[in-house]
Amino acid sequence: MKTKTVYSFGPDRIYTGPVALDESDLSPADEGEVWLVPGNCLVAEPPPAIEGKRYFAAANGMWIAEDIPMPEPLPESPVTPQPQAPESEPPVVPEPHVPTLEERAAALRNEVQKHLDSTAVAYGFDDIRTAVTYADEPAVPRFQAQGRAFRAWRSLVWDFCYLLQDKVAAGQAEEPTLEQLLPMLPVCDFLAFEPVPEPVPEQGPAAPSSETPAE
């Protein structure tokens with residue numbers, strides 16, 4: 001099978017590469033070996049490649065070497081100045097909260113409630129409320145006595161606290177700390193509610209038997 005190599009160029013007549021022709025490209029109308037060369041090809045082989053050069057297809061069927069044009073540098077885009085970040089201000093530190101007199105009084109009342117509950121727990125109750133419920137339960141005198149003592153003590157403690165709170169608010173007494181307040185509270189008086197044991201009736205002399213002892 002006969003073949004022939006020709007050399008193509010693009011629309012700008014710059015060399016693009018070889019093209020292989022076969023027997024289908026032979027002219028049937030001509031005798032001998034006449035090749036039908038495409039219009040964008042030359043029969044002449046271009047010279048070897050040279051760095052920085054390219055080949056141009058001339059009208060006379062030859063290749064002319066020319067410099068590869070260097071691309072024009074792109075215009076530098078204008079530099080947009082970046083906005084400067086504002087100087088960071090130091091963080092604002094909030095002033096520490098100073099509790100009001102009422103807030104301090106509420107905190108002391110909460111600690112007093114814990115004191116009441118912990119004392120009741122020390123005697124086996126869940127808390128002061130549970131202890132007070134035994135005050136009206138006579139089934140076990142010992143528990144009832146403790147319930148009455150805790151009920152009276154609770155009332156005395158809160159009466160003392162609210163009277164002291166009013167005096168502090170009026171400027172008649174200094175505001176105590178928790179460590180100062182707890183020893184000032186009334187003490188639970190269990191002895192005042194101890195059940196009094198019932199007196200045991202005295203037994204008199206034995207009555208004489210109606211039976212006459214046998215002699």
* Structure fact -> Taking first residues from the stretch 1-26 that are within 12 Å of Gly39 (Cα to Cα) and in the same structural domain as Val37 (by TED's automatic domain parsing) and second residues anywhere that are among the polar types (S, T, N, Q) and outside any strand (DSSP E or B), the pairs with Cβ under 7 Å that are 6 or more apart or on different chains are Ser8/Asn40; Phe9/Asn40
* To do: Could you tell me whether any residue of the stretch 175-192 is modelled with pLDDT under 85 and more than 16 Å from Gln113 (Cα to Cα)?
  => yes
* Asked: In the stretch 146-158, is there at least one residue being under 17 Å from Leu178 (Cα atoms), more than 39 Å from the chain's Cα centre (by Cα) and not small (Gly, Ala, Ser)?
  -> yes
* Residue list for the stretch 1-31, restricted to those being touching a Ser or Thr at 6+ places or on another chain (Cβ under 7 Å) and of a type in the set (S, T, N, Q) -> Ser8, Thr16
* List the pairs whose first member sits in the stretch 110-122 and is touching a residue at least 60 places away in the same chain (Cβ under 8 Å), whose second member is outside any helix (DSSP H, G or I) and buried (at least 16 other Cβ atoms within 10 Å of the Cβ), and whose Cβ atoms are under 8 Å apart, counting only residues at least 6 apart or on separate chains? -> Val112/Leu185; His115/Leu185; Thr119/Cys188
* Give me the pairs: first residue in the stretch 136-153 and over 11 Å from Phe190 (Cα atoms), second residue of a type in the set (S, T, N, Q) and outside any loop (DSSP other than H, G, I, E, B), beta-carbon distance under 7 Å, and six or more apart or on different chains, which are they? -> Glu137/Gln144; Pro138/Gln144
* Asked: So, of the residues in the stretch 159-171 that are assigned to a helix (DSSP H, G or I) and free of Cβ contacts under 8 Å to residues at least 24 places away in the same chain, which turns out to be nearest to Val187 (Cα to Cα)?
  -> Asp159
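The values are calculated or read from the model by the stated rules, or taken from the named source; none is laboratory data. None of the values given here were measured: they were computed from a predicted structure. No Cβ is skipped: glycine too gets one built from the backbone with ideal geometry, and neighbour counts run over all protein chains shown.
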